[in-house]
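Take a look at the structure set out below.
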Amino acid sequence: MDDKPRRLRLLFLDAYDSFANNIIALFEHTFATTVTRIYIDDPQFWDSATLCARKDFYSLLNLFDAVIAGPGPGTPLDAQDVGLIGELWSLSPESQLPVLGICLGFQSLALAFGAKIEILNEPRHGIITEVIHRGTHLFWDLDKIWATQYHSLHVNIQHCIQVQEKVYHARDIWSPSQACPSLEPLAWDYDHDRHNGAVLMGVVHKSLPLCGVQYHPESICTDSEGAKIVGNWLEHVRTWNAKNRVGETKPIHARETSQAAENGAHTSPLRQQSSLRVTKKSPPHRRRASWDAVKVLAEQLPMANGGYIKRLSQTLNIVDNPTASGRSKLLSLISAHLNTSDEPNQPRVVQWDSLRQSGLRVGSICELLGIPVTEAVVLESGDHCEKSSDNDNDDESDYDDGPRTDRFSIIGLFIPERTLRIHYYVYNQVLELRSGTDTVIFSMQTADVWSDLKAIVEHFRAINGPTELPFWGGLMGFVSYEAGLETIGVVPSTKQETSSRADICFALIMRSIVVDHSNEMIYYQTIERNDWDWLHLARTRLQEPYKDFTRPNVPGLVETAWRPVISQTLKDEMRVPDIDSWIGKNTHNARNTIFLHVKRHFLRQALATGIRNSTYSRKVQECQEAIRAGNSYELCLTDQSTMRLPISPPEVGLSWVLYRDLVGKNPAPFNAYLRIGQDGHDVHIISSSPERFLSVSRNGKCQYRPIKGTVKKQRGVTREDAEFILSSSKERAENLMIVDLIRHDLHGVVGAGNVEVTKLMRVEEFETVYQLVSVIEGDLKSAKEPKTAVDLLAASLPPGSMTGAPKKRSCQILQDIEKETGRRGIYSGVIGYLDVGGGADFSVAIRSAYKYDDELTTLRKPDGSLRAYDTWRIGAGGAVTSQSTAEGEYEEMLAKRDTVARVFTQCIIDM
Ligand SMILES: C=C(O[C@@H]1C=C(C(=O)O)C=C[C@H]1O)C(=O)O
Ligand SMILES: NC(=O)CC[C@H](N)C(=O)O
């Protein structure tokens, strides 16, 4: 007989923390354990009406060797916050089994045996402190420990070290208090600065197999000694079970997964759901009802509104139960509209060529191709001045896998009247296929838009593109913050006037140009079948006008209706009598000057709405109250300023002009220009984001680069000063929380043992700010089941750096605090692509502005006439922690906003 100890079967009760997958990974990777997760309010086991466990829960416990009661937001005093965890402390002797409580779980244990739950004087989120222990039980044989804490509340067992702040004998520190005689202290944090006094860090019950720790053993900044409590606990589990539960645990049935973590951050393996989706809170009948309402509305509309009716009736081509049939109809319609015969399972072959063109910049190529006045998606690696604080030149090692931030720029070309688009609306869960002329070809209600997107990418699977390029073709566009909220089960607040905007908007890009900045090669490629003519044309285009190229776009601009305005301005301001000969002589300068004048003409009349200090400060305080109460550890508070510009004729390409100016003023690794839509329904996005959300290379390597920690560049602040400030516990705590959160997101997809933090809190320099950046990497190939970039994207939205932690509760809190601002929309979402070869790259949509052509405001000018204005929105914000100051947060938000706002106007009065 094999007497090797069998794998321990553990049940993890997930209280909606954003670190749960890290805990599961710690167990599964390091020890012979299999962890099954359920949420604390799993309806199968928890009756939310009575706030009690159902009978099944006790049968469930019987299937396991032990339970981990996880951390989470809220307080153990609230039965809803702890859910099933609260049931673990009063099990009947026959159901008794070992339990390890972590943070909230630990607090709940202590509460059950007489402790008081109190609010810390100074919350401890992302703070690393020394934990004092005496090497017993969980801490057996452990050395000095440094551990990360994430808590606002603490456990008061009314121990004399807590009440009187002293003990008479050193050993008394380890004795139970009178108030909690069954709880033996195992570890303390003495808090040398005395703000919090002695904080209990670990306990064990004297007679029951229950113990717990206040700190987070799974955090990247808890040292290896701190994590060793896990091994010690498992030893106790084995010993206790051998003595008390021989033959008791039943085999686990098919419902168990070998690795709960890989089921995604938000899915209970016991619920048998798709691994990508969360059950929406709104019941399906409600969603149906909203469509019924639309149908009724359609019938009532006057016939005169023919265009609208046509569009709506096309829209009503809904497949109510989409699943496979809807999806296959979608795919066949896509093929039909591209006039390509369906060749199932036949990958497309990328047709491509390249040429070396030193000096041909991305902006120039775009102008050459007429992008300033057409639909396009441009993802441009800027000449930003990113410099790391270390000299290890680590980015070289990234080179082979492609996730560098400065090597490639991608231009997604729209084929006039042919480029298809996918739209998805969170408010009614409808996915639309739109034609190149912006009509809805097909629409369906879908419960799983991510699987639809996955199917589209798979349908267009391509091979034989240039291996070194990250992109061959595919879906380019954006995903809004609200689409991210949907993935974590937070129902977006719907302001009716804006919620009809597409939350996911991707163009199906067949033709593209990729610039490799490392060797000045320009690749032009197509996944249209038999598109050789275009390749030929592209080559000619990219080569021919080159000699002339220092004056791109000027002819285009001067040939528009703006010619009179431009000539007049040049005449008035520069005494240029003849515009054509002036351009001929001045080439490059002429282009810049003309842009400048066109821009000035509009920007002179910009009307900015700022953000009041007092309002923002109140919101910072509200965030801090939520943090103090234990409901969040960090909240990324944001607000939006609006910029109104008189509408400009399309041929001016004003958004392109603004974009070029933004890139010039704030070069960043992830500049992006998007103009998608037609007939005055376009969305325009200009972005200079410093932050990569997620990249996946074609061979499955994935990388996140979250930013947290900001120092504004200003006179007198040197790099050393910035590094000093960014080494403060406040800034590092902000970053650490997000690193742990992203590890959790990634662990949820790639599984235990496959996540690495390759850079932790490195200072990077940008045009206007210094930032603290971390890099978290993993490999999709290590996932137990096949996973794609779409799975990873869906499992990690919205970006943790824009939410705070724990993600779900923080998003709910922020929604409430930011309700006056309404939807974040594109801001805080992600911009990028899903490549038909399998890769992906998305930046976080920050340091950006966007507008919709049909969102017009009419204002009266001083002379009494009316004028229509476009509304550009600029979002900005920052992470609020317990250590933040309202003033500091306001300044930080303005600093970020003004990197974009200064493109529009000299100054915004924030009053
Ligand atoms: C919220 C913004 O930025 C986010 C917040 C940061 C911070 O708190 O330090 C840094 C980068 C972004 O993740 C923004 O730019 O608007
Ligand atoms: N990480 C946690 O479990 C936190 C527990 C509790 N919400 C607190 O803030 O103290």
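The values are calculated or read from the model by the stated rules, or taken from the named source; none is laboratory data. Computed from a prediction, not measured in an experiment: that's the story for all the values here. Heads up, the Cβs are rebuilt from the backbone with ideal geometry, glycines too, and the neighbour counts pull from every protein chain shown.
The residues of the stretch 170-196 that are in a loop (DSSP other than H, G, I, E, B), under 17 Å from Thr136 (Cβ atoms) and of a type outside the set (S, T, N, Q) amount to a single one, Pro176. Residue by residue through the stretch 1-31, note down the ones that are in a loop (DSSP other than H, G, I, E, B) and either under 22 Å from Arg743 (Cβ atoms) or within 16 Å of ligand 2 (Cβ to nearest atom) (or both). Selection gives Ala15, Tyr16, Asp17, Ser18, Phe19, Phe31.
Limited to the stretch 425-441, what total is found for residues that are small (Gly, Ala, Ser) and crowded, with 22+ Cβ neighbours inside 10 Å?
Of the residues in the stretch 425-441, 0 are small (Gly, Ala, Ser) and crowded, with 22+ Cβ neighbours inside 10 Å.
Considering Arg715, Arg698, Arg719, the condition of being crowded, with 16+ Cβ neighbours inside 10 Å and either not assigned by TED's automatic domain parsing to the domain that holds Thr487 or not aliphatic (A, V, I, L, M) (or both) is satisfied by Arg698 alone.
Of all the listed residues (Glu756, Glu691), the sole one being farther than 25 Å from Ser884 by Cβ, under 22 Å from the mean Cα position of the chain (by Cα) and acidic (Asp, Glu) is Glu756. Against the conditions (1) modelled with pLDDT of 95 or more; (2) surrounded by fewer than 24 Cβ atoms within 10 Å (Cβ to Cβ); (3) in a helix (DSSP H, G or I), Lys730 satisfies every one except (1).
Residues being touching a strand residue (DSSP E or B) at 6+ places or on another chain (Cβ under 6 Å), more than 27 Å from Ala805 (Cα to Cα) and not assigned by TED's automatic domain parsing to the domain that holds Asn631 are represented in the stretch 158-175 by at least one member. For the residues Glu118, Glu94, the requirement of being charged (D, E, K, R) and either under 23 Å from Val246 (Cα atoms) or within 16 Å of ligand 1 (Cβ to nearest atom) (or both) singles out Glu94. Meeting the requirement of 2 or more residues that are among the aliphatic types (A, V, I, L, M), the strands (runs of 3 or more DSSP E) wholly within the stretch 606-709 are 607-609, 634-646, 670-676, 683-689, 692-696.
When residues in the stretch 91-113 are screened for being within 12 Å of ligand 2 (Cβ to nearest atom) and outside any helix (DSSP H, G or I), 3 of them pass.
Is it the case, given these coordinates, that His154 is buried (at least 22 other Cβ atoms within 10 Å of the Cβ) and under 22 Å from Tyr633 (Cβ atoms)?
yes
Quick one: would you say Leu84 is in a strand (DSSP E or B), of a type outside the set (Lys, Arg) and either more than 16 Å from ligand 1 (Cβ to nearest atom) or in the same structural domain as Gln162 (by TED's automatic domain parsing) (or both)? Against the criterion (in a strand (DSSP E or B), of a type outside the set (Lys, Arg) and either more than 16 Å from ligand 1 (Cβ to nearest atom) or in the same structural domain as Gln162 (by TED's automatic domain parsing) (or both)), Leu84 does not qualify.
So for the stretch 799-817 (the condition being more than 15 Å from ligand 1 (Cβ to nearest atom) and part of a strand (DSSP E or B)), does at least one residue qualify? For the stretch 799-817, residues more than 15 Å from ligand 1 (Cβ to nearest atom) and part of a strand (DSSP E or B): absent. Going through (1) more than 16 Å from ligand 2 (Cβ to nearest atom); (2) buried (at least 18 other Cβ atoms within 10 Å of the Cβ); (3) acidic (Asp, Glu) one by one, Asp81 falls short only on (1).
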